[in-house]
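Participant: First, the structure itself, so that you have it in front of you.
The values are calculated or read from the model by the stated rules, or taken from the named source; none is laboratory data. What you see is a predicted model, and the numbers here were worked out from it, not measured in a lab. Cβ coordinates were reconstructed from backbone atoms using ideal geometry, including for glycine residues, and neighbour counts include every protein chain displayed.
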Amino acid sequence: MRYFFDTVDPSGARRDGVGVDCPSDRSARRLARKALGEMFSESPNVGDETYEILVRDNAGATVFAGTLAYRRD
Amino acid sequence: MIDPFIRKLEYGAHLTEQDRADLRDAVLDVCTFKAGEDISPQGDVPLNVHVVLEGWGCRYKLLEEGQRQVVALFVPGDMCDLHVQILTEMDHGIGALTDARVAQISPACIKALTDNPRIHLALNWGTLVDEGTLREWLVNIGQRPADQRLAHLICELHVRLRAVGFADEAGLDLPLTQAQLADITSMSPVHINRTLMTLRCADLIRTEGRFVDIPNFDRLAEFAGFEPSYLHLGGTKPNVQV
């Protein structure tokens, strides 16, 4: 099954028009957690920053939504 | 075109015309594989040694839920496991990443090749290069951030392909999907896509379809921390030549 990974980072929002094949919702969610961690951990971390991933399945249903944020305070 | 297998082994030893003829004769039994097909599946009893002549292959492990880790890439000229026939079972799979032409070498033929001291030296050199490459990949996956990690892989592939005449100075034909690059680098396909964009924005690479153009190799290598000594293209010591 094909899943679409939309991302938001400090440079803007990006809608996934290509998608990634995953065998199940569970594996799509695992991939989303990994991708969110990759985006977050490799940030320059210069202030308040928010990173988001939203995963849609072929039918448009949301199967994952996650946010990680840095705070200056 | 010079056979990439011979071209590669020339880095490991000074081969004679007869050695080259013997090596050419050793890779006449050729099979073709489609992209995604197994060349030597995990769990099978290993029989022959494989040499990739055209296309790309890989060594991989599969996890229960379908995750795949590629632990080695084979480009033209690369041999998969010189002494594999002494083992009882393949502990990993060897598969084709693209359509590929792969030669099979029987154990008897390997025995004949390794009885020749120059070819034996070159094949041992090749095994050490494989091990050095695996160590470098471990460091790459374990320690480098995504942008340097992907840049390092591109540098390595460019050097390896150039060494066998399958790429020129300008860049390389990279016939891999983002999902395959993800399996190689332990990154998510999502992050591969973002990281390729980062490398393009920094003008470290330019992409046009499958072709990766490298405007300045030294700059890309410096960015990646790429140091090619582990590929041992400088060859073997003069005093071990036979």
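Participant: Tell me which residues, restricted to the range B:200-234, are surrounded by fewer than 16 Cβ atoms within 10 Å (Cβ to Cβ) and either of a type in the set (S, T, N, Q) or over 22 Å from B:Q178 (Cα atoms) (or both).
Facilitator: B:T207, B:N216, B:D218, B:R219, B:E222, B:G225, B:E227, B:S229, B:L233, B:G234
Participant: Which numbered condition trips up A:L54, out of (1) crowded, with 17+ Cβ neighbours inside 10 Å; (2) within 11 Å of another protein chain (Cβ to nearest Cβ)?
Facilitator: (2)
Participant: May I ask you to list the residues in the range B:10-28 that are among the acidic types (D, E) and surrounded by 13 or more Cβ atoms within 10 Å (Cβ to Cβ)?
Facilitator: If the condition is that a residue be among the acidic types (D, E) and surrounded by 13 or more Cβ atoms within 10 Å (Cβ to Cβ), then B:E10, B:D19, B:D22 are the ones that fit.
Participant: Which pairs turn up if I take residues in the range B:51-74 that are small (G, A, S) and look for partners that are in a loop (DSSP other than H, G, I, E, B) and surrounded by 15 or more Cβ atoms within 10 Å (Cβ to Cβ) with beta carbon separation below 7 Å, at least 6 apart in sequence or on another chain?
Facilitator: B:G55/B:T98; B:G55/B:D99; B:G57/B:L97
Participant: Within the range B:148-180, track down each residue that is within 12 Å of another protein chain (Cβ to nearest Cβ), buried (at least 18 other Cβ atoms within 10 Å of the Cβ) and among the hydrophobic types (A, V, I, L, M, F, W, C).
Facilitator: B:L150
Participant: Scan the range B:131-147 for residues that are surrounded by 17 or more Cβ atoms within 10 Å (Cβ to Cβ) and either on the phi > 0 side of the Ramachandran plot or out of contact with any Ser or Thr (no Cβ under 7 Å at 6 or more places or on another chain) (or both) and jot them down.
Facilitator: Selection gives B:T133, B:E136, B:W137, B:N140, B:R144.
Participant: Can you find a residue in the range B:171-191 that is within 21 Å of the chain's Cα centre (by Cα), outside the structural domain of B:V71 (by TED's automatic domain parsing), charged (D, E, K, R) and in a helix (DSSP H, G or I)?
Facilitator: Within the range B:171-191, one or more residues are within 21 Å of the chain's Cα centre (by Cα), outside the structural domain of B:V71 (by TED's automatic domain parsing), charged (D, E, K, R) and in a helix (DSSP H, G or I).
Participant: Is it true that B:E136 is within 29 Å of B:R200 (Cβ to Cβ), not in a loop (DSSP other than H, G, I, E, B) and not assigned by TED's automatic domain parsing to the domain that holds B:D19?
Facilitator: Taking the combined requirement at face value, the residue satisfies it.
Participant: Now a separate question. Sort out which residues of the range A:37-47 are more than 9 Å from chain B (Cβ to nearest Cβ) and among the hydrophobic types (A, V, I, L, M, F, W, C), and write them in order of number.
Facilitator: A:F40, A:V46
Participant: Residue check: is A:V8 among the β-branched types (V, I, T), over 23 Å from B:Q148 (Cβ atoms) and within 11 Å of chain B (Cβ to nearest Cβ)?
Facilitator: Spelling it out, it is not the case that A:V8 is among the β-branched types (V, I, T), over 23 Å from B:Q148 (Cβ atoms) and within 11 Å of chain B (Cβ to nearest Cβ).
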